[in-house]
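Note sheet for the following structure.
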């Protein structure tokens, strides 16, 4: 079993990108250019390494090789994007890898591109790249090449060596479990569970009781053997259940206007563990958005636009306006689900200004995370 944190360290030890791995400071999939460049790298790495896995490490300073980290990210959007735009699309996996020195919520993204022998090409135009284009790696650069280029297997030995060096061991597993369990000192409940005598799963969170139900907030769930963060949410509440074969996470989002808040099931993720040393993650969206009187929502929408205008112009907010600003991402998300105005676009336009208000900005990122899950997993 590969320890993904060790794998990243071994990849970074090469310092410079090469024909089987790339590193990025961040992924920007909010526009066509960012999507196109990501697809180009997937295509090039897949074609250049038909006999072994390829990797993209995200959250790395390209100049210094420092590990800076990125926000926890759900992977479903990436596979959907790859399948939509690439012919003979490879199977990719996006994993969130925690590092001890990174702040809460920050991880290193690891994209694994599975080996496949078919030539991968662009299925249709995107940005300045034309449908039918084929890319290969030329050293650290992804370049367009002729379709009939001869592909030589030059990386298998090196990649296999790196993956072998990243194999997990008992000491690493025990150290990681002990490190995780120390979170009890921060007022969090911590637990671990061993599945099929192989997989060690740890989770922590703040337990609360609401309406006769138990919920965890500030939840962090890690598959210790592989050093993979499976779930992280600073705001939303979850319910956790498990048996001898599976572990289930039911995530809720709390939405409402003013004091009228209600829990809505968002997504259920279930890990199924097999005796043969493998596991499968099953995901199901459960969300049905709340609907409100449209006149009320139009009033809230216009009030939010006024707030965004005020903070953009550095105007002083009243105590009530500060309360409304903290709730703005949530109420704009409700407006979006009710097709009121351009709620999400307006928030994105004011992203840099929202950063001045940490609680509101955190709520903004959570709102986009919920929207992404609903949009791409439904």
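A few remarks follow.
- Criterion (more than 22 Å from residue 237 (Cβ to Cβ) and either in a loop (DSSP other than H, G, I, E, B) or at pLDDT below 95 (or both)) met by exactly one of 275, 289: 275
- Filtered residue count, the stretch 255-275, keeping only those that are touching a residue at least 24 places away in the same chain (Cβ under 8 Å) and surrounded by 15 or more Cβ atoms within 10 Å (Cβ to Cβ): 11
- Checking each residue in the stretch 295-307 for being touching a strand residue (DSSP E or B) at 6+ places or on another chain (Cβ under 9 Å) and surrounded by 14 or more Cβ atoms within 10 Å (Cβ to Cβ) picks out 297, 300.
- Qualifying positions in the stretch 9-37 - within 16 Å of residue 95 (Cα to Cα) and assigned to a helix (DSSP H, G or I): 9, 11
- Sole exception among (1) modelled with pLDDT of 95 or more; (2) surrounded by fewer than 17 Cβ atoms within 10 Å (Cβ to Cβ); (3) farther than 19 Å from residue 366 by Cα for residue 342, by number: (3)
Let's see how each residue does on (1) in contact with a helix residue (DSSP H, G or I) (Cβ under 9 Å, 6 or more places away or on another chain); (2) free of Cβ contacts under 8 Å to residues at least 12 places away in the same chain; (3) on the phi > 0 side of the Ramachandran plot:
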| residue | (1), (2), (3) |
| --- | --- |
| 8 | no, no, no |
| 20 | yes, no, no |
| 25 | no, no, no |
| 28 | yes, yes, no |
| 38 | yes, no, no |
| 67 | yes, no, no |
| 70 | no, no, no |
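- Of everything in the stretch 282-294 that is within 17 Å of the chain's Cα centre (by Cα) and within 14 Å of residue 373 (Cβ to Cβ), the residue that is surrounded by the most Cβ atoms within 10 Å (Cβ to Cβ) is 285.
- The stretch 350-364: number of residues that are in a helix (DSSP H, G or I) and touching a helix residue (DSSP H, G or I) at 6+ places or on another chain (Cβ under 8 Å): 8
- Per-region count, the stretch 320-349, residues over 16 Å from residue 306 (Cβ atoms), part of a helix (DSSP H, G or I) and either free of Cβ contacts under 8 Å to residues at least 24 places away in the same chain or not assigned by TED's automatic domain parsing to the domain that holds residue 370 (or both): 1
- Test: residue in the stretch 2-15 that is surrounded by fewer than 16 Cβ atoms within 10 Å (Cβ to Cβ), more than 30 Å from residue 171 (Cβ to Cβ) and not assigned by TED's automatic domain parsing to the domain that holds residue 179: no
- Selection within the stretch 345-370 - within 19 Å of the chain's Cα centre (by Cα) and surrounded by 16 or more Cβ atoms within 10 Å (Cβ to Cβ): 361, 362, 363, 364, 365, 366, 367, 368, 369, 370
The values are calculated or read from the model by the stated rules, or taken from the named source; none is laboratory data. Treat the numbers as computed from the prediction; the structure is a model and nothing was measured. Cβ: placed from backbone, ideal geometry, glycine included. Neighbour counts: every protein chain shown.
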